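Reading through the structure tokens given below for one structure.
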Amino acid sequence: MITVIDYRMGNLRSVAKALELSGRQVVVSNRPEDILRAKLLVLPGVGAFSRGMENLNELGIIPHISEKVKQGTPLLGICLGMQLMLQMSQEGGKNPGIGLLSGVVKRFGPGLRVPHVGWNTVSAKKNSPLFKGIPPDSYFYFVHSYYAVPEDEECILAETDYGVRFVSAICKDNIFLTQFHPEKSHDTGLKMLKNFCSL
Amino acid sequence: MLTKRIIPCLDVKNGRVVKGVNFLNLKEAGDPVEIAARYSKEGADELVFLDITATVENRPTILEVVKKTAEQVFIPLTVGGGIKSCDDVRLLLSSGADKVSINSSAVTNPGLISDIASEFGSQCLIVAVDAKNTGKGWEVFINSGTKPAGMEVVQWAQKVEKLGAGEILLTSMDRDGTKDGYDLEITKNVAEAVNIPVIASGGAGSLQHMYEVLCEGKADAVLAASIFHYGEFTIEQTKKFLSSRGVSVRI
């Protein structure tokens with residue numbers, strides 16, 4: 001069973017429908033029991049970092065998510081979901097994240113149109129089951145104003161150019177994070193989700 | 001690098017596409033879900049559904065359309081038309097829309113822009129601006145381009161950006177439907193005045209027009225309806241043309 005964590009941030013339906021194509025059972029939920037019994041977890045989301053953390057804290061599910069991740073359950077964090085996994089975001093001041101990965105979240109600088117919206121190329125820097133069968137430098141859909149800067153460069157899975165060369169995907173053990181939206185990236189994105197579902 | 005986006009737009013009324021499209025072998029010329037799936041397959045970067053359902057009772061049908069689309073189409077979907085509150089937005093996003101577009105309601109209630117932005121995030125909010133070149137310069141019009149709002153276009157664009165709009169959808173009402181090309185002047189003026197993406201709309205009649213508005217017009221994306229709906233050009237042809245002229249597109 002795959003649990004898509006519903007912390008009330010963004011369009012969850014597309015994520016759920018895309019994952020369902022894998023043939024596995026998908027549950028959209030924020031109940032601790034659904035998080036604890038999941039074989040795979042997905043943390044999606046678009047919106048403000050502080051609001052995301054507020055909602056997660058209100059729902060009281062951060063300990064359950066952390067527990068599952070520490071036990072080895074694969075977790076896919078998408079967009080805001082990726083950013084929340086880090087220690088801290090600059091968005092709205094200095095906001096602590098879930099902190100399962102060391103690093104910060106920064107805003108794109110002046111001189112660039114913000115948010116970064118549209119299709120951009122993602123260049124994988126190392127092998128990963130997530131990119132299996134996906135050609136190098138494929139296009140994925142992005143819509144974000146902030147990006148993650150992980151402390152440990154070993155966990156950088158992919159990079160993308162937008163003024164700066166920023167980290168567009170991270171992989172550390174069972175944690176998989178993408179700044180782009182695979183559920184909005186047509187066939188390439190669906191392939192990536194299928195790869196995640198096969199873990 | 002970030003590519004320019006090609007975005008087909010469908011007018012939807014009571015759950016059906018108005019006027020339909022003229023594709024070969026399309027069983028249901030008026031089914032928005034089937035048309036959306038077709039465009040997605042053909043390489044559209046995003047889709048827009050403009051809900052022009054007149055009556056309040058029939059408005060929930062767009063939610064059904066969005067839900068069904070989310071089951072089959074996995075590129076970004078924007079829905080516009082009659083959105084007046086955060087509740088309207090919530091229903092659309094939870095049904096499967098990624099972004100919403102507001103136009104007249106942003107003018108009559110600018111606070112709605114900041115309400116939506118703070119509740120759901122700027123990235124899900126496109127503010128549509130209809131512009132006409134009157135004797136007094138470029139003016140904002142509302143109610144499907146019939147009523148002057150008493151504001152200058154570039155100033156309004158800057159204001160909506162400040163209030164929290166994620167993108168601007170700029171339509172030249174003078175060019176809309178003419179096929180004479182997008183208005184390069186106003187598109188460029190707006191694009192240079194704001195720091196958020198600008199989607200050009202209104203007037204596409206040829207691939208050259210699209211090239212011009214993306215380059216000279218400095219637009220980040222183009223919205224087009226009839227040029228695609230009536231099969232004059234395919235999205236593939238459009239992207240090949242643009243690419244051959246050095247425009248970065250997703251092929």
Exercise for the section: Could you grab me the full set of residues in the range A:146-199 that are away from chain B (no Cβ under 14 Å), open to solvent by less than 40 Å² (accessible area, probe 1.4 Å), assigned to a strand (DSSP E or B) and closer than 27 Å to A:Met1 by Cα? Expected result: A:Leu157, A:Ala169, A:Ile170, A:Cys171, A:Ile175, A:Phe176, A:Leu177, A:Thr178
Exercise for the section: Filter the range B:205-219 for residues that are crowded, with 18+ Cβ neighbours inside 10 Å, without any contact (Cβ under 8 Å) to a residue 60 or more places away in the chain and within 13 Å of B:Leu170 (Cβ to Cβ) and give the result. Expected result: B:Val213, B:Gly217
Practice task
Kindly check whether there is at least one residue in the range B:227-246 that is under 29 Å from B:Phe120 (Cβ atoms) and acidic (Asp, Glu).
Solution key: no
Handout entry: Among (1) more than 17 Å from the chain's Cα centre (by Cα); (2) assigned to a loop (DSSP other than H, G, I, E, B); (3) without any contact (Cβ under 8 Å) to a residue 60 or more places away in the chain; (4) away from chain B (no Cβ under 12 Å), the one test that A:Glu67 misses
Key = (2)
Completion exercise
A:Leu76 meets each of (1) closer than 30 Å to B:Val194 by Cβ; (2) not in a loop (DSSP other than H, G, I, E, B) with one exception, condition (1)
Practice task
Specify the residue that is nearest to the chain's Cα centre (by Cα); the eligible residues are those in the range B:93-103 that are more than 8 Å from every other protein chain (Cβ to nearest Cβ) and open to solvent by 10 Å² or more (accessible area, probe 1.4 Å).
Solution key: B:Ser101
Problem - Which numbered condition B:Ala200 fails, given (1) over 20 Å from B:Gly246 (Cβ atoms); (2) surrounded by 20 or more Cβ atoms within 10 Å (Cβ to Cβ); (3) at pLDDT 95 or above - result: (1)
Exercise for the section: Restrict the check to the range B:180-195 and report whether at least one residue is assigned to a loop (DSSP other than H, G, I, E, B), within 25 Å of B:Ile235 (Cα to Cα), open to solvent by less than 70 Å² (accessible area, probe 1.4 Å) and of a type outside the set (Ser, Thr, Tyr). Expected result: yes
Problem - Single match in A:Gly99, A:Gly77 (criterion: under 15 Å from the mean Cα position of the chain (by Cα), at pLDDT 95 or above and more than 13 Å from every other protein chain (Cβ to nearest Cβ)) - result: A:Gly77
Exercise for the section: Could you list all residues from the range A:54-63 that are buried (at least 21 other Cβ atoms within 10 Å of the Cβ) and in a helix (DSSP H, G or I)? Expected result: A:Leu56
Completion exercise
Filter the range B:50-82 for residues that are more than 14 Å from chain A (Cβ to nearest Cβ) and touching a Leu at 6+ places or on another chain (Cβ under 6 Å); the one that is least open to solvent (accessible area, probe 1.4 Å) is B:Gly80
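The values are calculated or read from the model by the stated rules, or taken from the named source; none is laboratory data. Remember, predicted model here, so these are calculated numbers, not experimental data. With ideal geometry, Cβ positions are generated from the backbone for all residues, glycine too; neighbour counts draw on all protein chains shown. For accessibility, only protein heavy atoms count, side chains too; no ligands or nucleic acids. Shrake-Rupley method; radii C 1.70, N 1.55, O 1.52, S 1.80 Å.
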